[in-house]
1. Starting from segment 164-181, keep only residues that are touching a residue at least 12 places away in the same chain (Cβ under 8 Å), then list their pairs with residues that are of a type in the set (Lys, Arg) and part of a helix (DSSP H, G or I) whose Cβ atoms are within a distance under 9 Å, requiring at least 6 positions of separation or different chains.
2. Report, by residue number, each residue of segment 115-136 that is in a helix (DSSP H, G or I) and either at pLDDT below 95 or open to solvent by less than 50 Å² (accessible area, probe 1.4 Å) (or both).
3. Which condition number in (1) touching a helix residue (DSSP H, G or I) at 6+ places or on another chain (Cβ under 8 Å); (2) farther than 17 Å from Leu113 by Cβ; (3) assigned to a helix (DSSP H, G or I) is the one that Ala161 fails?
4. Restricting to segment 169-227, what's the tally of residues that are open to solvent by 60 Å² or more (accessible area, probe 1.4 Å) and either in contact with a strand residue (DSSP E or B) (Cβ under 8 Å, 6 or more places away or on another chain) or of a type in the set (D, E, K, R) (or both)?
5. Restrict the check to segment 51-61 and report whether at least one residue is modelled with pLDDT of 95 or more and among the β-branched types (Val, Ile, Thr).
6. Specify the residue that is modelled with the lowest pLDDT; the eligible residues are those in segment 75-110 that are open to solvent by less than 70 Å² (accessible area, probe 1.4 Å) and outside any helix (DSSP H, G or I).
7. For residues that are open to solvent by 40 Å² or more (accessible area, probe 1.4 Å) and of a type in the set (Val, Ile, Thr), scanning just segment 62-74, find the one that is modelled with the lowest pLDDT.
8. Name the pairs whose Cβ atoms lie under 7 Å apart, with the first residue in segment 2-18 and closer than 13 Å to Gly220 by Cβ and among the β-branched types (Val, Ile, Thr), the second modelled with pLDDT of 80 or more and surrounded by 14 or more Cβ atoms within 10 Å (Cβ to Cβ), and 6 or more positions between them or separate chains?
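The values are calculated or read from the model by the stated rules, or taken from the named source; none is laboratory data. Predicted, not measured: the structure shown is a model, and the values here were computed from it. Reconstructed Cβ throughout: ideal geometry from the backbone, glycine too, with neighbour counts over all protein chains shown. Quick note on the areas: whole protein, heavy atoms, side chains included, nothing else; ligands and nucleic acids left out. Shrake-Rupley method; radii C 1.70, N 1.55, O 1.52, S 1.80 Å.
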Amino acid sequence: MTGADLRRRPVVLASACGGAFALLAVVVAVHGWAPFGFEAAAVRWGVAHRPGWARSVAMAVTSLGTDVFPYLLALAAGAVAVRSTRPAGARLPAGAWRTAEARRTAAVLLAPLVWLVAGQLLRQGLMRAFARPRPPVADWAFDASGFAFPSGHAFTSALSAGLLAVAVARARPGAARLAAAGAALFAGVIGFTRVYLGVHWPLDVLGGWLLASAWLALGGWLLGLRAQRAAGAAGPGGQRAAGASR
């Protein structure tokens with residue numbers, strides 16, 4: 001596989017997932033944002049199979065898809081990226097190195113967190129624009145706020161875990177499949193709890209996953225472009241500096 005193929009892969013994935021999300025939104029909108037029969041059946045099943053212990057476990061799991069934990073995952077992704085990258089080969093003048101290196105490290109560390117926050121703003125805007133109602137309050141296992149589509153927990157868990165999985169895959173390519181599987185399992189379990197606890201319809205969760213996948217792939221494409229430009233800008237300088245040092 002050529003380098004061009006690898007650079008195109010995130011674009012294709014972002015386009016596919018973004019297109020699927022848009023199509024799903026159209027389908028649900030044409031249906032009047034009302035639940036499909038299978039969605040209502042899924043929520044009813046959750047209500048009927050929700051003993052106290054299972055409810056407690058599901059609430060503990062679903063809490064990992066919001067608040068502080070996803071942002072800790074994003075910071076962990078940045079920390080992994082910092083450890084796996086090294087300064088460009090170009091030599092900086094004495095006195096400027098520490099400042100430039102500190103800025104580079106901060107940028108790498110905070111990039112996943114910034115991308116997660118930007119994605120949250122996008123998701124919140126879409127959720128308010130679509131304004132799909134949640135399941136009936138009588139089916140809720142706890143109080144929930146906001147609209148239903150796309151699911152915030154599904155989006156946040158998938159994106160934050162995906163960011164960490166991508167960072168791990170870049171640092172240790174041999175662990176890429178395991179990292180991807182872990183991220184998918186994390187997002188899948190949290191998405192299930194949203195329906196099980198009666199606060200989302202299944203298509204809300206699917207929409208959150210698709211939007212997160214598109215946003216994650218778009219971030220990967222932008223990161224690839226940045227790395228390519230940095231390598232192109234630093235390569236000749238680094239070669240010249242290396243030659244001078246010899």
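1. The qualifying pairs are Ala171/Arg83.
2. Taking segment 115-136 first, the residues in a helix (DSSP H, G or I) are 115-130.
Leu116, Ala118, Gly119, Gln120, Arg123, Gly125, Leu126, Met127, Phe130 - these are the residues of segment 115-136 that are in a helix (DSSP H, G or I) and either at pLDDT below 95 or open to solvent by less than 50 Å² (accessible area, probe 1.4 Å) (or both).
3. (2) is the only condition that Ala161 fails.
4. The qualifying residues number 4.
5. Scanning segment 51-61, I find at least one residue that is modelled with pLDDT of 95 or more and among the β-branched types (Val, Ile, Thr), so the answer is yes.
6. For segment 75-110, the residue satisfying everything is Ala90.
7. Among them, the one singled out is Thr66.
8. Partner pairs satisfying both residue conditions: Val11/Trp221.
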